[in-house]
């Protein structure tokens, strides 16, 4: 069974996000062993300087690196990443996950540290639009589920 790790900075505080994420995690249990890791977001002042943001992102990146499965194919979710269709993501799940464990990274309010993004084997953008990082988690889980459904020839993707 394929192994997928999703590492997220920040906790889901809103009940509706948590319920949606839990539903897709349940659905995914049929297709993969999903490990969902939540890491705390670094506290910053109300109007942080760019240096303060960079230090916080660097600390978050170290925490993320500490949770990465050895040898995983790492995909960072970021605005400058590649956009793809659900069918393309399904192909990537099949290709990337054939021999390696997959790890997806979702940053907090300020995203991911540039060094972490450059270390990833792939960078993926959900859209050129901006979404809350909590919603990005739900969207990613849904798209991973959809990808497995596509690869199986299921009826979910129509």
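We did not get these values from a lab; they are worked out from the coordinates using the rules stated. The model shown is predicted, which means the values in this text are computed figures rather than measured ones. Using ideal geometry, Cβ is built from the backbone for each residue, glycine included, and neighbour counts are taken over all protein chains shown.
Side notes on the structure shown:
- Within segment 42-54, being assigned to a helix (DSSP H, G or I) and either touching a residue at least 40 places away in the same chain (Cβ under 8 Å) or surrounded by fewer than 10 Cβ atoms within 10 Å (Cβ to Cβ) (or both) holds for 50, 51, 53, 54.
- Against the criterion of being under 16 Å from residue 137 (Cα atoms), touching a helix residue (DSSP H, G or I) at 6+ places or on another chain (Cβ under 9 Å) and either buried (at least 19 other Cβ atoms within 10 Å of the Cβ) or without any contact (Cβ under 8 Å) to a residue 60 or more places away in the chain (or both), residue 57 does not qualify.
- Residues within segment 5-39 that are more than 13 Å from residue 144 (Cα to Cα) and more than 14 Å from the chain's Cα centre (by Cα), tallied: 9
- Condition check for residue 39: touching a helix residue (DSSP H, G or I) at 6+ places or on another chain (Cβ under 7 Å), closer than 17 Å to residue 108 by Cβ and crowded, with 16+ Cβ neighbours inside 10 Å: yes
- Checking each residue in segment 90-123 for being crowded, with 19+ Cβ neighbours inside 10 Å, touching a helix residue (DSSP H, G or I) at 6+ places or on another chain (Cβ under 8 Å) and in a helix (DSSP H, G or I) picks out 90, 93, 116.
- Apart from one condition, residue 130 fits all of (1) out of contact with any strand residue (DSSP E or B) (no Cβ under 7 Å at 6 or more places or on another chain); (2) within 24 Å of residue 44 (Cβ to Cβ); (3) not in a loop (DSSP other than H, G, I, E, B); the exception is (3).
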